[in-house]
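Notes follow once the structure below has been shown.
The values are calculated or read from the model by the stated rules, or taken from the named source; none is laboratory data. Everything numeric here is computed off the predicted structure, so don't read it as measured data. With ideal geometry, Cβ positions are generated from the backbone for all residues, glycine too; neighbour counts draw on all protein chains shown.
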Amino acid sequence: MQYTQIKKTDPQIYQIIKAEEKRQREGLELIPSENYTSDAVMEAMGSILTNKYSEGYPRKRYYGGQKNIDAMEELAQRRALDLFVPQGSQKNWHINVQPLSGSPANIAVLLALLNFGDKVMGMSLDQGGHLTHGHPVNFSGKAYKFFQYGVRRDNQQIDYNEVEKIAFKIKPKMIISGATAYPRMIDFKRFNAIAKKVGAIHMADIAHIAGLIAGGVHPSPFPFTDVVTTTTHKTLRGPRGGVIFCQKKYASAIDRAVFPGLQGGPHDHINAAKAVCFGEAQKAGFAKYAAQIVKNSKVFAKELKKLGFSLVSDGSDNHLILIDLSNFEITGKIAQETLDKVGITVNKNTVPFGKRSPFDPSGIRLGTAACTTRGMKENDFAMITDLIKNALSNICNEKKLIKIKQQVKKLALKFPVPGIK
Ligand SMILES: *Cc1c(COP(=O)(O)O)cnc(C)c1O
């Protein structure tokens with residue numbers, strides 16, 4: 001992107017964009033929910049489609065002039081179905097590409113399929129779940145009666161027996177599977193079996209792992225769910241946005257919940273960018289990218305363990321790693337701040353059964369998707385491991401940290417960032 005106009009008309013925002021370009025180019029991005037979109041996705045996002053208002057759905061709009069927007073939205077729908085849903089079962093599935101992001105997608109499903117106060121199950125935030133899976137500060141936790149499950153103490157993996165026990169006891173109307181800080185594969189089949197035994201709707205939230213599922217390196221929830229929600233901007237590498245897939249019988253309830261229930265006009269420029277992203281994910285290179293994410297995570301986890309880091313669940317099957325720093329005698333907050341100083345971006349995170357507050361928890365969360373998009377491979381992640389260990393062993397040594405920052409920059413600059421010239 002060139003920013004020639006904004007440079008002239010709004011130098012303040014131009015400077016901020018340029019400074020952020022420098023940060024992204026010279027640093028190592030390890031936040032597992034982040035990624036770099038392609039130039040094509042950015043072109044769609046920056047297109048004149050942003051000028052249109054198109055409340056409603058293709059061929060059922062409230063305003064005129066929708067010929068091109070309808071074609072775009074139908075293409076986005078078609079591509080998303082082709083990407084995620086096996087040919088044979090596509091006739092059973094409906095898709096809504098209008099949710100503005102992952103959280104509004106989840107809230108729309110709750111609004112569509114439940115009554116306020118209904119019982120729902122979701123994974124608790126401090127064990128890996130998302131805010132919209134029933135946290136008390138979130139709309140989900142305020143409007144519905146959530147019961148939370150978590151992970152086992154011994155292996156820190158989802159406690160499916162506990163899920164089943166709670167489900168039998170409370171008879172929820174819906175069970176949500178999916179997580180935001182969970183380094184292992186999710187057994188959607190098992191979740192579905194439990195949901196069916198108690199007559200609950202099974203909703204899978206694949207926000208983090210959608211790219212891995214599309215790339216064929218994580219089992220798909222599609223044979224085993226009633227509803228699937230996702231973001232489009234994490235491992236899927238598209239624009240910021242959300243999508244809802246549902247069994248046909250829920251189609252009109254879901255569509256009405258998104259609009260007019262929750263949202264107004266769809267963001268057509270973003271939905272076009274979603275279509276571009278789904279198209280990119282159908283190309284051959286995408287499966288290779290997804291496979292490389294997991295390969296990188298495996299090596300990253302192995303190297304971190306070699307250097308004495310303790311990992312939640314002792315490893316990773318996906319794009320994400322949670323380090324429990326308790327044995328290093330530093331907190332997640334200090335680790336995040338120290339790594340920020342050297343240009344390595346991570347986020348502090350609770351670890352299951354951790355004793356510290358969410359504002360200064362015991363862990364940090366790392367992911368391999370963004371650096372994989374830049375082209376980094378196993379040996380680069382071995383280097384990143386050394387840089388992390390070095391920084392966290394020198395938190396008070398500013399001179400040393402400056403040196404490490406130079407090493408980070410040197411490694412990062414070997415790999416271009418899409419969209420930054
Ligand atoms: C990121 C995430 C979301 C929400 O996405 P936003 O786009 O940030 O609203 C929902 N569910 C899960 C599991 C997530 O990881």
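Here is how the numbers come out for the structure above:
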item: Scan of region 363-378 for residues that are without any contact (Cβ under 8 Å) to a residue 60 or more places away in the chain and either among the basic types (Lys, Arg) or surrounded by 19 or more Cβ atoms within 10 Å (Cβ to Cβ) (or both), ordered by number; result: Gly363, Ile364
item: Residue count for region 318-336, restricted to those that are under 18 Å from the mean Cα position of the chain (by Cα) and polar (S, T, N, Q); result: 1
item: In region 122-133, residue surrounded by the fewest Cβ atoms within 10 Å (Cβ to Cβ) [restricted to those that are within 12 Å of the ligand (Cβ to nearest atom) and part of a loop (DSSP other than H, G, I, E, B)]; result: His130
item: Filtered residue count, region 195-209, keeping only those that are within 16 Å of the ligand (Cβ to nearest atom) and touching a residue at least 60 places away in the same chain (Cβ under 8 Å); result: 5
item: Pair list, Cβ under 7 Å, 6 or more apart: region 334-357 residue more than 21 Å from His319 (Cβ to Cβ), other residue assigned to a loop (DSSP other than H, G, I, E, B) and not small (Gly, Ala, Ser); result: Ile334/Ile395; Thr338/Ile395; Phe353/Arg153; Gly354/Pro361; Arg356/Thr331
item: Residue in region 237-257 that is more than 26 Å from Glu55 (Cβ to Cβ) and modelled with pLDDT of 95 or more present; result: yes
item: Unique residue being touching a helix residue (DSSP H, G or I) at 6+ places or on another chain (Cβ under 7 Å), under 21 Å from Phe191 (Cα atoms) and polar (S, T, N, Q) when the list is Ser38, Ser54, Ser140, Ser124; result: Ser140
item: Residue within region 63-73 that is under 27 Å from Val294 (Cβ atoms) and surrounded by 15 or more Cβ atoms within 10 Å (Cβ to Cβ) present; result: no
item: Only one of Thr235, Thr229 that is within 16 Å of the ligand (Cβ to nearest atom), within 19 Å of Ser33 (Cβ to Cβ) and in contact with an Asp or Glu (Cβ under 8 Å, 6 or more places away or on another chain); result: Thr229
item: Residues of region 152-183 that turn out to be within 14 Å of the ligand (Cβ to nearest atom) and not aliphatic (A, V, I, L, M), as a count; result: 5
item: Members of region 24-39 that are in a loop (DSSP other than H, G, I, E, B) and more than 19 Å from the chain's Cα centre (by Cα); result: Gly27
item: Residue within region 137-146 that is over 23 Å from Lys249 (Cβ atoms), in a loop (DSSP other than H, G, I, E, B), assigned by TED's automatic domain parsing to the domain that holds Lys248 and within 15 Å of the ligand (Cβ to nearest atom) present; result: yes
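Condition check ((1) buried (at least 24 other Cβ atoms within 10 Å of the Cβ); (2) more than 19 Å from Leu110 (Cα to Cα); (3) among the aliphatic types (A, V, I, L, M); (4) assigned by TED's automatic domain parsing to the domain that holds Ile95) across all residues:
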site: Gly178; (1), (2), (3), (4): yes, no, no, yes
site: Ala193; (1), (2), (3), (4): no, yes, yes, yes
site: His208; (1), (2), (3), (4): yes, yes, no, yes
site: Gly242; (1), (2), (3), (4): yes, no, no, yes
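Matching residues to (1) assigned by TED's automatic domain parsing to the domain that holds Tyr250; (2) within 27 Å of Asp226 (Cβ to Cβ); (3) of a type outside the set (Lys, Arg); (4) in contact (Cβ under 8 Å) with a residue 12 or more places away in the chain:
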| site | (1), (2), (3), (4) |
| --- | --- |
| Lys52 | yes, no, no, yes |
| Gly65 | yes, no, yes, yes |
| Asp70 | yes, no, yes, yes |
| Asn96 | yes, yes, yes, yes |
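So that you can scan it fast, the table gives a plain yes or no per residue for (1) within 16 Å of the ligand (Cβ to nearest atom); (2) within 30 Å of Lys169 (Cα to Cα); (3) assigned to a loop (DSSP other than H, G, I, E, B):
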site: Val41; (1), (2), (3): yes, no, no
site: Thr50; (1), (2), (3): no, no, no
site: Tyr63; (1), (2), (3): no, no, yes
site: His94; (1), (2), (3): no, no, no
site: Leu110; (1), (2), (3): yes, yes, no
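Conditions tested, residue by residue: (1) without any contact (Cβ under 8 Å) to a residue 24 or more places away in the chain; (2) assigned to a helix (DSSP H, G or I).
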| residue | (1), (2) |
| --- | --- |
| Leu304 | no, yes |
| Ser313 | no, yes |
| Asp317 | no, no |
| Pro361 | no, no |
| Asp380 | no, yes |
| Ile384 | no, yes |
| Lys400 | yes, yes |
